[in-house]
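Student: Pasting a structure here, questions to come.
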Amino acid sequence: MRKPIIAGNWKLNKSPKETAEFVAGVKGKLADPAKVEAVIGAPAVDLQTLLDAAKGTDLKVASENSYFEDAGAYTGETSPKVLAEMGVDYGIIGHSERRGYFHETDEDINKKAHALLRNGVTPIICCGESLETRQAGKVAEWVSGQVKAALKGLTAGQVGSLIIAYEPIWAIGTGETASPEQAQEVCKLIRQTVADLYDQKTADSLRIQYGGSMKPANVKELMAQPDIDGGLVGGASLQPDSFLELVHYQDK
Ligand SMILES: O=C(CO)COP(=O)(O)O
């Protein structure tokens, strides 16, 4: 069975001091790690503080972005090799904010997925359509295209171990959540895309998250969908109380 995974994505929102305060606020209160994984994705400059603070807790750590080369003359980039050495568990890549503001292409994201995997960090690969694409009735074509491009050249074993986050751009930070049915429809399509590219076993082992205004009030309904295995959460992951409510969704 796929273990549910609730991951916060803090984006550019916390300092090291605030990071340590957050972890102190969730310490000893997280869900049973056998039932749900709890992850926080933090800016690169906060990761060491987060790792230190999370030591001895069940909280796992994700980077928000990383480069596709391990080392070299790439000023300002974050090395996947260094992330692995630090003990970072997950690497978010291809977030729509990275694609939009920083012009990341499908090819970059595919190279980043390879780089994380060769270093032993599990990718969380983001995909999702804009409002225009949805209104044009092209969601399936768009999302399956992003998924196929991101997974190019990966083995079935690698794909079965990673995470894809479906984040419709129109639902990010807008308060407008995809309905559970809308989210399920696309998450199912993502799993089918993987089954077509690889096989059913790989598709059944891959975990798929929904992201876009997930919050304590809607987490349970979203997580009840058969193809949604987790959440990638921005705003509602910033405060300990709200994050704890999300990771405890099974107790609601
Ligand atoms: O982009 C997101 C997570 O990666 C979603 O952000 P919000 O939860 O703030 O809508």
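Bear in mind these aren't lab numbers, they're just calculated from the coordinates by the rules spelled out. A quick note: this is a predicted structure, and the numbers were derived from the prediction, not measured. Here the Cβ is made from the backbone with ideal geometry for all residues, glycine too, and neighbour counts use every protein chain on show.
Student: Could you tell me the calculated FRET efficiency between Ala217 and Ala73, based on Cβ-Cβ distance and R0 = 35 angstrom, to the nearest 0.05?
Tutor: Result of the calculation: an efficiency of 0.15.
Student: Additional query: Anyone know which of Gln48, Gln192, Gln135 comes out most mobile in the 10 Å Cα GNM of the chain?
Tutor: Among Gln48, Gln192, Gln135, the largest GNM mean-square fluctuation belongs to Gln135.
Student: Each label point is 7 Å from the Cα along the Cα-to-Cβ direction; what then is the distance between the points at Gln48 and Ser179, in nm?
Tutor: Result: 5.0 nm between the two label points.
Student: For the chain, take N as its residue count and report Rg(C-alpha) divided by 2.2 N^0.38 Å.
Tutor: For the chain, the normalised Cα radius of gyration comes out at 0.93.
Student: Sorting Glu64, Glu18 on the 10 Å Cβ count, fewest up front, what's the list?
Tutor: Lowest count first: Glu18, Glu64.
Student: Also, quick follow-up: Could you list Met86, Met223, Met1 in order of exposure, starting from the residue whose Cβ has the fewest other Cβ atoms within 10 Å?
Tutor: Met1, Met86, Met223
Student: Please report the base-10 log of the normalised intensity I(q)/I(0) for segment 95-224, using a Debye sum with one equal scatterer per alpha carbon and no solvent, at each q in 0.18, 0.20 (1/Å).
Tutor: Here the Debye-derived log intensity ratios amount to -1.00, -1.21.
Student: So what is the 222 nm mean residue ellipticity for the chain from helices alone, if each DSSP H run of at least 4 adds -39500 (n - 2.57) and you divide by all residues, rounding to the nearest 500 deg cm²/dmol?
Tutor: The per-residue figure over the chain is -12000 deg cm²/dmol.
Student: In nm, to one decimal, how far is the modelled label at Thr57 from the one at Glu85, with both set 7 Å along Cα→Cβ?
Tutor: 2.6
Student: Now for a different question. Using the charge dipole of the chain (Lys, Arg: +1 at Cβ; Asp, Glu: -1 at Cβ; taken about the Cα centre), state which of Cys126, Ser179, Ile228 has its Cα farthest towards the positive end.
Tutor: Sorting the options by dipole projection puts first Ile228.
Student: What residues from segment 42-63 fall in the zone where the backbone N is under 14 Å from a label point 7 Å along the Cα-to-C-beta line of Asn13?
Tutor: Residues 42-43 fall inside that zone.
Student: Applying the Karplus parametrisation 6.51 cos²θ - 1.76 cosθ + 1.60 with θ = phi - 60° to the phi angles of segment 50-58, what ³J(HN,Hα) value in whole Hz is obtained for each residue in order, glycine and proline being reported as x?
Tutor: 5, 4, 4, 5, 7, 4, x, 10, 8
Student: Assigning unit charges at the beta carbon (Lys, Arg +1; Asp, Glu -1) and nothing else, what dipole magnitude in debye, to the nearest 20, does the chain show about its Cα centre? Walk me through the numbers on the way to the answer.
Tutor: Values: 27 positive and 34 negative charges, 69 e Å.
That gives a dipole near 340 debye.
Student: Taking the chain as a Gaussian network, Cα atoms linked when under 10 Å apart, which of Thr105, Thr19, Thr174 shows the biggest mean-square fluctuation?
Tutor: Residue with maximal mean-square fluctuation among Thr105, Thr19, Thr174: Thr174.
Student: Then there's this: Quick query: amide H of Gly8 versus all other amide H atoms, modeled in the peptide plane; which residues come in under 5 Å with a sequence gap of 5 or more or a different chain?
Tutor: Answer set, sorted by chain and number: Val39, Ile40, Gly41, Val233.
Student: Please order Lys188, Lys60 by the number of other Cβ within 10 Å, starting at the fewest. The partial results should precede the final answer.
Tutor: Working: Lys188 15, Lys60 20.
The most exposed by this proxy come first: Lys188, Lys60.
Student: Over segment 97-195, what is the relative contact order in percent, taking alpha-carbon pairs closer than 8 angstrom and at least six residues apart?
Tutor: Computed value for segment 97-195: 32 percent relative contact order.
Student: Please go through segment 35-114 and write out the chymotrypsin sites (Phe, Trp or Tyr not before Pro) that DSSP classes as loop and that have at most 13 other C-beta atoms within 10 Å.
Tutor: Tyr74, Phe102
Student: Would you mind calculating the relative contact order of segment 161-252 from Cα pairs under 8 angstrom and at least 6 residues apart, reporting the percent as a whole number?
Tutor: Rounded, it is 32 percent for segment 161-252.
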